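Participant: Structure incoming, see below.
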Amino acid sequence: MLDDPNNNNTITFSLEEVCEADMKRILLTVYDALKEKGYNPISQIVGYLLSEDPTYITTHNNARSLVRRIDRDELLKAMVRSYLGE
């Protein structure tokens, strides 16, 4: 929780939301890099998630390094939550 000294309202945020926002930003960057290189981005990302083999992801625009920052378990949890509408 953060307190704003200019008013009496308390601002709250979720660390999970921040993490999910970062994961989404990274995935969009990786998606764009794969698309630019002519790959099927969805298939490549799924291949990476299932195998954890980084060669599914191009090094173009630093995509491979970026995607390795994402915790796969947390990403899969976020994806299932999103799919189920939670």
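The values are calculated or read from the model by the stated rules, or taken from the named source; none is laboratory data. Values in this document were obtained by computation on a predicted structure and should not be read as measured data. So basically every Cβ, Gly included, is an ideal-geometry build from the backbone, and we count neighbours across all protein chains shown. These accessible areas exclude ligands, DNA and RNA; they are computed on the full protein's heavy atoms, side chains included. Shrake-Rupley method; radii C 1.70, N 1.55, O 1.52, S 1.80 Å.
Yes/no per residue for (1) touching a residue at least 60 places away in the same chain (Cβ under 8 Å); (2) among the aliphatic types (A, V, I, L, M); (3) closer than 17 Å to residue 25 by Cβ; (4) open to solvent by 90 Å² or more (accessible area, probe 1.4 Å):
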position: 35; (1), (2), (3), (4): no, no, yes, yes
position: 40; (1), (2), (3), (4): no, no, no, no
position: 44; (1), (2), (3), (4): no, no, no, no
position: 51; (1), (2), (3), (4): no, no, no, no
position: 55; (1), (2), (3), (4): no, no, no, yes
position: 74; (1), (2), (3), (4): no, no, yes, no
position: 83; (1), (2), (3), (4): no, no, no, yes
position: 86; (1), (2), (3), (4): no, no, no, yes
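Participant: Still on this model: Just for region 51-70: of the residues that are outside any loop (DSSP other than H, G, I, E, B) and not hydroxyl-bearing (Ser, Thr, Tyr), which one is nearest to residue 38 (Cα to Cα)? Don't jump to the end; show me each part of the working.
Facilitator: First, pick out the residues of region 51-70 that are outside any loop (DSSP other than H, G, I, E, B): 51, 54-56, 60-67.
Next, from what is left, pick out any that are not hydroxyl-bearing (Ser, Thr, Tyr): 54, 60-64, 66-67.
Working: 54: 17, 60: 11, 61: 14, 62: 16, 63: 14, 64: 16, 66: 19, 67: 18 Å.
Across region 51-70, the extreme among qualifying residues is 60.
Participant: Quickly run through region 30-71 and pick out the residues that are closer than 23 Å to residue 19 by Cβ, in contact with a Pro (Cβ under 7 Å, 6 or more places away or on another chain) and not hydroxyl-bearing (Ser, Thr, Tyr).
Facilitator: Across region 30-71, the qualifying residues are 34, 64, 68.
Participant: Can you find, within region 1-33, the residue that is modelled with the lowest pLDDT among those that are in a loop (DSSP other than H, G, I, E, B) and open to solvent by less than 70 Å² (accessible area, probe 1.4 Å)?
Facilitator: 4
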